[in-house]
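Asks: Below you'll find the structure I mean.
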Amino acid sequence: MKSFVFTLTLVFSMLAGSISALAQYSDPVYRRGADFYRNGEKLTSEQVVSMLSGTDGMALDDIMKYQKGFRTGKGLLIGFGSLTGAGLVTLGVSAVGMMVEGVAFGIGAGFLSPLYALGGESPDISYDSRFRGAAVAGLCATCAGVMGLAAGTAVLCVNKKRLNGVADACNSGTREVQLSFGASDGGAGLVLTF
């Protein structure tokens, strides 16, 4: 009777131990931004590297480089997006200014031409817009912003893919462990599958 109670206690303790191990190791690691999370808790880079020790053998420096690259790409997108927007606003304002100035110049030239014709002189009116410099500056800012957006997008996408690979490598090392008692393919008893 004592051996039966001992065996039963041993089986239940093993069952309880495997269930807690299942809950601990089956939760996936996921990425939010440049950071890794498990069970809603932020993981440090050292914890991520310890999960990878058996799979890819990535170094701590690699993961930190990927995180820094991701944040840099995000910063490039924000900064150059702002530059592109400012360039477009400047270009638009200067284009409207040039249009208004041209219309005013055309109307003025239309009124002055008959006076010059009556006086016997030819009108020597040259049009030089004051908004041309602003238009060129807006065009340059827009072009620089678009090129920076392209670079930021490339940096962000490359490092995002690398960080996703790190998260996948962390999850590939975890396996689901299942402990069952009863009939199985090889007979009856306590079966541990992983």
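Asks: Search the stretch 97-116 for residues that are more than 19 Å from residue 134 (Cα to Cα) and pair each with any residue that is surrounded by fewer than 13 Cβ atoms within 10 Å (Cβ to Cβ) and small (Gly, Ala, Ser) when their beta-carbon atoms are under 9 Å apart and the residues are at least 6 apart or on different chains.
Replies: The qualifying pairs are 116/122.
Conditions (1) open to solvent by less than 40 Å² (accessible area, probe 1.4 Å); (2) modelled with pLDDT under 90, marked per residue:
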position	(1), (2)
38	yes, yes
45	yes, yes
49	yes, yes
53	no, yes
59	no, yes
70	yes, no
73	yes, no
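Asks: Going residue by residue through the stretch 88-98, is there one that turns out to be loosely packed, with under 15 Cβ neighbours inside 10 Å and closer than 30 Å to residue 71 by Cα?
Replies: Yes, there is a match, as at least one residue in the stretch 88-98 is loosely packed, with under 15 Cβ neighbours inside 10 Å and closer than 30 Å to residue 71 by Cα.
The values are calculated or read from the model by the stated rules, or taken from the named source; none is laboratory data. These numbers come from a predicted model, not from an experiment. Don't worry about glycine lacking a Cβ; one is built from the backbone with ideal geometry, like all the others, and counts go over all protein chains shown. All accessible areas refer to the heavy atoms of the entire protein, side chains included, with ligands and DNA or RNA removed. Shrake-Rupley method; radii C 1.70, N 1.55, O 1.52, S 1.80 Å.
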